[in-house]
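Here is the structure we will look at.
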Number of protein chains: 2
Amino acid sequence: MRHNAPMSLSLPVAVDAMGGDFAPDEIVAGALRAHEEHGIPVVLVGRPEDLTDTGGLEVLPASQVIAMDADPGSSVRKMKDSSLVRAAEAVRDGAASAMVSAGNTGATMASALLRMGRIKGVSRPAIATLLPSPGGTPTVLLDAGANSECSPSWLVQFGQMGAVFSRDRLGVDVPRVALLSIGEEPGKGSPFVKEAHAAMAEASWTGASFIGNVEGRDLLTDAVDVVVTDGFTGNVALKTLEGAMKSLMAALLTSLGERPEAAAAAQMLGPELDGLYRQFHPDTYGGAMLLGVRGVCMISHGSSRSLAVENAVRAAAEMAEADVVGHLTEAVADANSD
Amino acid sequence: MRHNAPMSLSLPVAVDAMGGDFAPDEIVAGALRAHEEHGIPVVLVGRPEDLTDTGGLEVLPASQVIAMDADPGSSVRKMKDSSLVRAAEAVRDGAASAMVSAGNTGATMASALLRMGRIKGVSRPAIATLLPSPGGTPTVLLDAGANSECSPSWLVQFGQMGAVFSRDRLGVDVPRVALLSIGEEPGKGSPFVKEAHAAMAEASWTGASFIGNVEGRDLLTDAVDVVVTDGFTGNVALKTLEGAMKSLMAALLTSLGERPEAAAAAQMLGPELDGLYRQFHPDTYGGAMLLGVRGVCMISHGSSRSLAVENAVRAAAEMAEADVVGHLTEAVADANSD
């Protein structure tokens, strides 16, 4: 990512210390490292009695915890003193620059949407996630799961928002935006995708370009910068990728352990295998961003360890500093005024 | 696969010698190896003037070739003497036990559908493909691309047909059938997927069981035998997997070449890397099968080399011998009589 200079943020990043499979310990450890090693101001949000060993990080008290498998809508409405709701309120109230959670994804989205509100003109917020593109710039995929059913015009807006994100987060000057389909020709795909293609081809792309359809095999390549799809397809593609990486890595490690000579050779390949693992592991990017709400909301994997949290906090701080929300607001207003 | 005994087929497998990126040479080479090494009777279908060096394989003449990017419907209707149409007719007329093509996928489906016809009671034929499941039995995924939009009841039938295929092709006694979604709970997914879930939960599963939803990350695992989805989502998932495997393999090979010590160690890992490559390469399974037509139709990847063709011919012969079409006919009739 572009993030080398120390952060000059004055407002802290609000980290939901209670969300995630390894909360609060791994969350606190990651937040602390982001603070100590990158100078990012952080406030932990959660139950003070569970957050006694924070290494000096400030705690914003919240007495409730939304469970990983709780119903998002009703829990956000009912649990007004939950760590997720309090984190979103801190952003809304100008007490925090951004929020980060590895907790219940649906509840994270609902908290951000209900407390921060939508950017004016945004039809639906979408989850933008980064996919590794070996040797190149990561690909932004959206919607990765916020809206399981979409209208074609929402996909146009996802593309416009994804282009802003690609620029602010990855430094791509004129992002190439494409529609995920099952063939490159405009006539390929479901009726919905054909309609979306027509809408995207007609839309105006300020500071970005629409390059047509791409297929699943293009996701991890440098052929495209932003790939747009509905949240069902996007989530299936994302989890298919995660499963494939896990499965291939596991098969590789198993096969390397079977012959003594192979195990010895594999030992020597430590740096390479480690680099490969990091290159393809979701923790490297530290999470996805919910685009379209009036604040920075980073959504981390439920299985996030401290490294993923550290990277998510860094990304959140970077996005707040880059004013991605301001840029999204302008881009949506421009597109809607055409 | 289950295929060890020599084939006792009397009818030949009709191989479209003109279809595929490397036709006719790689197609002929693969067909010849299936014949010579596995005793499978084969007839090549194509232009005699392009098939002079067949190693003794018989040629069924067809003067036309449907291009890889031709429109499937109109080319099948117009090109009555094409290799694809003639291959499908050979199966229909009892001159061949099965057909295999690495050519235009849409045209292969259209030829099979129009010439062989549908199995009675089948709403829509679907493409069933095999996904590697390291250390376990491959997963059958369908529809992998025949129908970009589906009705929920078609998905029930895809599951019933996929279970027959899992049994006949992979020897799974009571296949576990699941629906591809974005969460395990029945309430997760798009409205279409929720409806499909309800229909699958209500359906009768003779010789198979419906185990609910699975996610993209389960595709390459042993948690499920048959995964059902619409042809758009299935094709995206399949191509995403192919892209991920290619990308990870390429990154691995690049990283192994960067340090001299790593290159030396990688040399020693030849058997492991080779095994891994074969385990995950689509050529290993030799292609997908179109389920629901009145004959065995194997669809190979356009990029098939001779190994893929050899494996596809073996799979086709095995499926003809196992009478998978008879079993599909019974299963669909049983389900429709409930």
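How many residues are at pLDDT 95 or above and either touching a His at 6+ places or on another chain (Cβ under 7 Å) or under 10 Å from B:R314 (Cα atoms) (or both) if we restrict to the range B:1-29? Of the residues in the range B:1-29, 1 are at pLDDT 95 or above and either touching a His at 6+ places or on another chain (Cβ under 7 Å) or under 10 Å from B:R314 (Cα atoms) (or both). Looking at the range B:204-226 only, could you name the residues that are under 16 Å from B:Q157 (Cβ atoms) and among the aliphatic types (A, V, I, L, M)? Selection gives B:A208, B:V226.
Contact map, the range B:73-84: residues that are outside any helix (DSSP H, G or I) paired with residues that are surrounded by fewer than 13 Cβ atoms within 10 Å (Cβ to Cβ), Cβ distance under 7 Å, separation 6+ or inter-chain. No pairs are found. Considered as a group, the residues in the range A:32-64 that are touching a helix residue (DSSP H, G or I) at 6+ places or on another chain (Cβ under 6 Å) and among the small types (G, A, S) include one that is modelled with the lowest pLDDT, and that residue is A:G55.
Are any residues in the range A:198-227 in contact with a strand residue (DSSP E or B) (Cβ under 8 Å, 6 or more places away or on another chain) and more than 13 Å from chain B (Cβ to nearest Cβ), and if so, which ones? Within the range A:198-227, A:M200, A:A201, A:A203, A:W205, A:A208, A:S209, A:F210, A:I211, A:G212, A:D225, A:V226 qualify. Only residues that are in a helix (DSSP H, G or I) and not hydroxyl-bearing (S, T, Y) were counted across the range A:294-327, and they come to 19. Exactly one residue out of B:G162, B:G145, B:G231, B:G171 is among the small types (G, A, S), under 18 Å from the mean Cα position of the chain (by Cα) and modelled with pLDDT under 95: that is B:G145. Just wondering, is there one or more residues in the range B:49-70 that are farther than 25 Å from B:D168 by Cα, assigned to a helix (DSSP H, G or I) and without any contact (Cβ under 8 Å) to a residue 60 or more places away in the chain? Yes, that holds for at least one residue.
When restricted to residues that are touching a Cys at 6+ places or on another chain (Cβ under 8 Å) and not in a helix (DSSP H, G or I), the range B:104-150 contains 2. Of the set (1) in contact with a strand residue (DSSP E or B) (Cβ under 9 Å, 6 or more places away or on another chain); (2) assigned by TED's automatic domain parsing to the domain that holds B:V174, all apply to B:T254 but (1).
A:A107 satisfies every condition listed in (1) within 30 Å of A:A199 (Cβ to Cβ); (2) within 14 Å of chain B (Cβ to nearest Cβ); (3) among the aliphatic types (A, V, I, L, M) except (1). For A:G136, indicate whether it is surrounded by 24 or more Cβ atoms within 10 Å (Cβ to Cβ) and either modelled with pLDDT under 95 or over 18 Å from the mean Cα position of the chain (by Cα) (or both). Criteria not met by A:G136. Any residue at all in the range A:160-183 that's among the acidic types (D, E) and within 14 Å of chain B (Cβ to nearest Cβ)? Among the residues of the range A:160-183, not one is among the acidic types (D, E) and within 14 Å of chain B (Cβ to nearest Cβ), which makes the answer no.
Determine, yes or no, whether A:S97 is over 23 Å from A:S148 (Cα atoms) and hydroxyl-bearing (S, T, Y). First the steps, then the outcome.
Details: over 23 Å from A:S148 (Cα atoms): yes; hydroxyl-bearing (S, T, Y): yes.
Taking the combined requirement at face value, the residue satisfies it.
Checked against the criterion of being of a type in the set (F, W, Y), in contact (Cβ under 8 Å) with a residue 40 or more places away in the chain and in a loop (DSSP other than H, G, I, E, B), the range A:270-290 contains one or more residues that satisfy it. Pick from B:D218, B:D230: which is touching a residue at least 24 places away in the same chain (Cβ under 8 Å), closer than 24 Å to B:A196 by Cα and either surrounded by fewer than 22 Cβ atoms within 10 Å (Cβ to Cβ) or in contact with a Pro (Cβ under 9 Å, 6 or more places away or on another chain) (or both)? Only one candidate qualifies: B:D218.
Confirm whether B:T233 is under 29 Å from B:T105 (Cα atoms) and polar (S, T, N, Q).
Working: under 29 Å from B:T105 (Cα atoms): yes; polar (S, T, N, Q): yes.
When the stated conditions are applied, B:T233 passes them.
When B:G257, B:G270, B:G292 are screened for being at positive phi and more than 7 Å from every other protein chain (Cβ to nearest Cβ), only B:G292 passes. For the range A:185-197, the tally of residues that are at the interface with chain B (Cβ under 10 Å from one of its Cβ atoms), touching a residue at least 12 places away in the same chain (Cβ under 8 Å) and either under 30 Å from A:A322 (Cβ atoms) or of a type outside the set (V, I, T) (or both) stands at 4. In the range A:232-245, what residues are out of contact with any Phe, Trp or Tyr (no Cβ under 7 Å at 6 or more places or on another chain) and either of a type in the set (A, V, I, L, M, F, W, C) or at the interface with chain B (Cβ under 7 Å from one of its Cβ atoms) (or both)? Listed by number, the residues that qualify are A:F232, A:T233, A:N235, A:V236, A:A237, A:L238, A:K239, A:T240, A:L241, A:E242, A:G243, A:A244.
Residues to consider are B:L273, B:L219, B:L241; find the one that is under 27 Å from A:G275 (Cβ atoms) and modelled with pLDDT under 90. Even if it seems obvious, please write down each step before you answer.
On the way: B:L219 fails: modelled with pLDDT under 90; B:L241 fails: modelled with pLDDT under 90.
From the options B:L273, B:L219, B:L241, the qualifying one is B:L273.
Quick check: anything in the range A:71-79 among the hydrophobic types (A, V, I, L, M, F, W, C) and farther than 25 Å from A:V226 by Cβ? Scanning the range A:71-79, I find at least one residue that is among the hydrophobic types (A, V, I, L, M, F, W, C) and farther than 25 Å from A:V226 by Cβ, so the answer is yes.
Listed conditions (1) outside the structural domain of B:R176 (by TED's automatic domain parsing); (2) in contact with a Gly (Cβ under 8 Å, 6 or more places away or on another chain) are all met by B:R115, apart from (2).
The values are calculated or read from the model by the stated rules, or taken from the named source; none is laboratory data. All values derive from a computational prediction rather than experimental measurement. With ideal geometry, Cβ positions are generated from the backbone for all residues, glycine too; neighbour counts draw on all protein chains shown.
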